[in-house]
1. On the basis of being within 21 Å of Asp13 (Cα to Cα) and either not in a loop (DSSP other than H, G, I, E, B) or not hydroxyl-bearing (Ser, Thr, Tyr) (or both), does Glu61 make the cut?
2. Does Glu20 satisfy being touching a residue at least 12 places away in the same chain (Cβ under 8 Å), surrounded by 10 or more Cβ atoms within 10 Å (Cβ to Cβ) and either part of a helix (DSSP H, G or I) or on the phi > 0 side of the Ramachandran plot (or both)?
3. Could you list all residues from the stretch 23-48 that are assigned to a helix (DSSP H, G or I) and either surrounded by fewer than 11 Cβ atoms within 10 Å (Cβ to Cβ) or in contact with a Ser or Thr (Cβ under 6 Å, 6 or more places away or on another chain) (or both)?
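Coordinate-derived values only; no laboratory data. Note that this is a predicted model, so its numbers are computed, not measured. Cβ: placed from backbone, ideal geometry, glycine included. Neighbour counts: every protein chain shown.
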Amino acid sequence: MREEFNHLYIYEDGTVIYSEDRGLRMPTRENPPIRTWKKGQLQEEELNSLLEFFRDSRFGELDE
């Protein structure tokens, strides 16, 4: 079985990084672990809209 992990990072300046890690479980020479990533930038209005979405969508209740 091959493990896969996806990560999404959003920074205060609007930088967005999305990464995917594949082949982490029992890698071989023929199937090495692979990390791919993409980087982008949100405009201030887009970042504010995204933050407002999180504030309004009950994500805060996950801590409780």
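1. It is false that Glu61 is within 21 Å of Asp13 (Cα to Cα) and either not in a loop (DSSP other than H, G, I, E, B) or not hydroxyl-bearing (Ser, Thr, Tyr) (or both).
2. So Glu20 does not fit the description; no.
3. Within the stretch 23-48, Glu44, Glu45 qualify.
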